[in-house]
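Here's the structure we're looking at; comments come further down.
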Amino acid sequence: MSSPLDLSGPEERTERTEAQVPADSAEHPSDFETPSRAATAPSEPPFAADAAEDDGFDDDDDTEDAGPEVTDEILAATEALKAAEAEDAQAAAEAGDEAEEPEAVILEPEPEPAANEPELQAPTTTRTGEPAEIDPDEMDPDALKVVLRLHQHGHQAYLVGGCVRDLLLGKKPKDFDVATSAHPGEVRAIFRNCRLIGRRFRLAHVYFKGGKIVEVSTFRANPTELEPAAGAAGAEEGQSGEDLLITHDNVFGTAQQDARRRDFTINGLFYDAAEGRVIDYVRGRRDLDERFIRTIGDPEIRMREDPVRILRAVRFAAKLDLDIESRTYAAMEGAVEDLPRCAPARLLEETFRLIRGGVSAPALKLLAALDALKILLPPVDEYLRENGKEGEKTFYAFAQALDKRVSAGEVLDDAILLAALLVPISRAQPPVEESQDEGRASVSRVIEDLLAGFVESARLPRRIAERCRMLLLMQRTLSGERRRKTGAFRRHPLFNEALAVYAMTVEATGEGREALEAWQAGEVPPPRAGAAGGADAEGPKRKRRRRRRRRSGNGSGEGGGSGASSGSDAGEG
C-alpha cells in the first residue's frame, strides 16, 4: 500500500551552508537532524505480520482480536515508514557523495612551539586591572583555544552572538561561535583539524575530541549597505526598488560591519577573550539591561530584508523572557505577509527550533497574535479559530505538556514534537474514511495535507512525517477508540514513542489516566464504550476469520471452502 506522502522521487537533503542562511544568523539553523536529536533506527526487530499464519496483531486471547482495519492501517503505515527511511538514507548517501572535502581527523589543536610565545590562556583581568567582564571558566575551553590561537597568528578573533548574550544574562550557551578577520583558507592553515564548508560563503569548522565543532566565520558586511547603486539599477530595469529581501550574503567586511549586519542588538555583541572585554558596536548591552529585543537599524527594513527574523525574535522573547520593543513588534506585524517568500525549509526549521526549545506554548501564542500561524501551521490556525477559547485552552495545554518534558531533559525527536501539537487537531476532526483513501484508515485530511506539504516543499524527511503520522494513528488504539491485538501492538517499534504522546494527552486533557496506567503497567485497558470494532459496539461480535494452511491432496479446495464457511459462522454471536 502506498502512503499519502509518497512522492515521485527522493527529496534532496539540505546541507548546512552559509549560502542557505541569511547573514544575521548568529545561531545558524541546523538541519532537521543533528547528532543530539537525530531519529535513529530502532534497535527492535522490524514489525511485521506472519503472512503464512495470518497472526498479525494476534494475541493469546482471541477474544481481544482487533479486526482487520487496525491491522491494515498500522501495517500500511509501517511499510510507508520503512520506504521513507530507505529513501532518506539514499538521499543522505547521495549528499555525502557531494562533500566538498573529506572529513577532518578529530584532533585537538595545539599551538606549535615558538620562542617567546605567550601562553594560550584567557586573562581574568583587563589591562586596567579590572575583572574580565566574563569569567573565562564559564566559556567553552575549546572555543577559547580557537580564539586565542587566531590572536596568536595576528588575526582579530572574538566570541560572537548568542554565546555572549547568554553569558551576560547568566545562562549557559548552547554553543560557541567565533568570528575573525582571517579568511577561510587562513583559518584552515592554522588548524590542522579544520574543514571548510559552504559554496558561496565559506565557513570553517574546527573539530575537537568527542565530535565537538567550533564554527569560525570571517567578518561579513551587509550587502544592502555596500551596493546601493545595484539596487537603483535594478529599479531602473523595472524591478521594485522597495524589494528589500536579501538573496545573497557573501561579502567580507570588518568587525564593525559584521556586528551591524546581524539582526538584533542583543546578538551583535562580541567578546574579546584576549582582553577580557565586551565589544558593543550596536548598543546591545543597553537592551540587555532593559530586557528588550530591538533590531539593529530600521526595523521595517530589517524585517523586510529577512522575514524569518520574525520567528527568531519570537524565539528569543520566549526563551529569554524578554520584551519586544514596540517599533520592532510593529515591523514584525507588517512583515508577516512576506513569510511565504522565504524558503519553506528555513521556515519549518525555525518553527521546529521554537518547539525544541521547551517554550512552544508562549512562542506559539505570540505567533498567533502576529497572525503568522496561518502560514506556518495552517491546521493549528484553523483549529484555534474554529474552537474559540476552549480550543485555545486545549491546544496550549498540549504545548505546555510538551514543554514540561523538553525542559526536564527528555530527548524527543521531531516526529514526537510535531505529533504532540497535532493531537488536538486529530481528535477534533474525523479521520479519512477507508473508502475515501484507497481502502485504508488514515488521520484527518488537514494533517495528511500538512505533512505532505512539509515533505514536498519544506524538505522535511519523509521518515519524520511518516513517524508522526503513525504516532497519531496509534493514539486511537491507546485511548481505546479502536480495539487492539495487544501482543503485536506492544512489540511495535514506535510503541514507547506513541505512549509518550498519549501521556502528554492525558496530562493536557485529564482524560484516559486509567488507560495510561494500565498500558504502563503492562496490562490491557478495556476498550471504550462504542469503540470501533470493540466489544461494546452495537451489533453482533464477529471474530476475524483465520486463514487456513493449504493442504495438498484431492478435495483441498472444498475443504478450504467448508472451513472458511464454518469459521465465518462460528464468529457470529
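General observations
- Helices (runs of 4 or more DSSP H) contained entirely in segment 468-573, each with at least 1 residues that are among the β-branched types (Val, Ile, Thr) and at pLDDT 85 or above: 495-509
- Boolean, Val411 is touching a residue at least 40 places away in the same chain (Cβ under 8 Å), closer than 27 Å to Ala503 by Cβ and open to solvent by less than 40 Å² (accessible area, probe 1.4 Å): no
- The residue that is nearest to Arg220 (Cα to Cα), among those in segment 178-195 that are among the basic types (Lys, Arg) and either in contact (Cβ under 8 Å) with a residue 24 or more places away in the chain or part of a strand (DSSP E or B) (or both), is Arg195.
- Tally, over segment 449-467, of residues that are surrounded by fewer than 22 Cβ atoms within 10 Å (Cβ to Cβ) and either aromatic (Phe, Trp, Tyr) or on the phi > 0 side of the Ramachandran plot (or both): 1
- Hits in segment 150-187 - residues which are open to solvent by 10 Å² or more (accessible area, probe 1.4 Å) and among the charged types (D, E, K, R): Lys171, Lys172, Lys174, Asp175, Asp177, Glu186
- Scanning segment 368-427 for residues that are among the β-branched types (Val, Ile, Thr) and under 12 Å from Ile447 (Cα atoms) gives Val380, Val423, Ile425.
- Taking each residue of segment 166-177 that is within 14 Å of Asp135 (Cβ to Cβ) and of a type in the set (Asp, Glu) and looking for partners that are outside any strand (DSSP E or B) and open to solvent by less than 40 Å² (accessible area, probe 1.4 Å) with beta-carbon atoms closer than 7 Å, six or more apart or interchain, yields Asp166/Pro173.
- Inspection of segment 239-252 finds no residue satisfying the criterion of being under 28 Å from Glu133 (Cβ atoms), of a type in the set (D, E, K, R) and either crowded, with 17+ Cβ neighbours inside 10 Å or at pLDDT 90 or above (or both).
The values are calculated or read from the model by the stated rules, or taken from the named source; none is laboratory data. Being a predicted model, the structure only gives us computed values, none of them experimental. Every residue, glycine as well, gets a Cβ built from its backbone with ideal geometry; the counts of neighbours run over all protein chains shown. Quick note on the areas: whole protein, heavy atoms, side chains included, nothing else; ligands and nucleic acids left out. Shrake-Rupley method; radii C 1.70, N 1.55, O 1.52, S 1.80 Å.
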